[in-house]
1. Whole number in Å², please: accessible area per residue of the range 1-54, 1.4 Å probe, ligands, DNA and RNA not counted.
2. List the GluC sites (Glu not before Pro) in the range 18-98 that DSSP assigns to loop (not H, G, I, E or B) and whose Cβ has at most 16 other Cβ atoms within 10 Å. Which are they?
3. Go ahead and run the numbers for FRET between Asn13 and Thr124, Cβ-Cβ distance against an R0 of 35 Å, rounding to 0.05.
4. Over the range 149-198, what portion of Cα pair distances is larger than 15 Å, expressed as a whole percent?
5. Just check the range 1-111 against the gyration tensor rule for me: Cα atoms, a ≥ b ≥ c as the square roots of the eigenvalues, rounded for a/c under 1.5, and otherwise prolate or oblate depending on whether a/b exceeds b/c.
6. If we count every other residue with Cβ under 14 angstrom of Lys135's Cβ, Lys/Arg +1 and Asp/Glu -1, where does the sum land?
7. Ignoring ligands, DNA and RNA, what percent of the accessible area of the chain is carbon or sulfur (1.4 Å)?
8. Using the basic label-point model (7 angstrom from Cα toward the beta carbon), what is the Ile117 to His133 distance in nanometres?
Amino acid sequence: MITIVGIGPGDTNLLINEARQALSSADTVYGSNRQLQEIANLTTATPILLPKKLADLTNIPHQDKNVVILASGDPLLYGIGNWAIANFSEDIRVIPGISAIQMMFHKIKLPMNDCFITSSHGKTPNFDFLLQHEKVAMVTDTIIGPYEIAAEILKRNLNKIIFIGENLSAKEERIHNLRPAEVAKKYEMNVVVIVDER
């Protein structure tokens with residue numbers, strides 16, 4: 001059995017019980033350095049570093065073993081869960097986690113019912129389409145982050161507010177509420193919520 005475990009934004013207090021149980025019974029756990037460090041005190045499983053390219057993770061020995069693959073946030077919200085389901089024919093169990101986007105909306109006390117959710121990881125969003133929406137949440141990367149998003153808003157002369165959540169659930173967590181012209185060039189690991197200025 002291969003289990004994909006959503007570990008949320010990082011604070012292990014936010015893990016659901018099913019995730020804790022999967023970790024405690026695991027024989028091997030695959031994850032990034034950061035992920036493996038975050039859950040180290042919750043499992044005695046053998047930690048294995050995920051390859052930089054998921055395509056290199058073609059064969060996971062799991063016969064008679066409980067294998068866990070860690071996913072930041074929620075596995076099926078721009079996470080590794082989508083890839084695992086598509087690439088492994090074996091039974092895969094997916095355990096949800098709290099996404100950074102969910103956490104961000106709760107931090108800024110804003111309903112997310114009518115939100116358009118997307119990601120800039122490894123791709124360039126269609127900003128003409130994206131910025132037509134009144135409320136957008138975006139998982140960012142180091143190529144297209146808050147500054148680049150703000151530049152696209154300014155280019156179109158739109159009246160938007162940008163909320164930036166850095167290091168959500170960590171001690172270094174910071175929440176910013178900015179107009180596009182106020183957005184700095186660099187932020188640590190973050191998600192962005194864009195809303196129409198009222």
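The values are calculated or read from the model by the stated rules, or taken from the named source; none is laboratory data. These figures come from a predicted structure and were not determined experimentally. All Cβ positions, glycine included, derive from the backbone under ideal geometry; neighbour counts span all protein chains shown. These accessible areas exclude ligands, DNA and RNA; they are computed on the full protein's heavy atoms, side chains included. Shrake-Rupley method; radii C 1.70, N 1.55, O 1.52, S 1.80 Å.
1. Normalised by residue count, the accessible surface of the range 1-54 is 51 Å².
2. Taking the range 18-98 and a limit of 16 other Cβ atoms within 10 Å, the loop GluC sites (Glu not before Pro) found are Glu90.
3. According to the calculation, E is roughly 0.45.
4. Tail of the P(r) past 15 Å holds 42 percent of the pairs.
5. prolate
6. Once all neighbours under 14 Å are counted, the net charge is -1.
7. Carbon plus sulfur share of accessible area: 50 percent.
8. Each label point lies 7 Å from its Cα, and together they span 1.0 nm.
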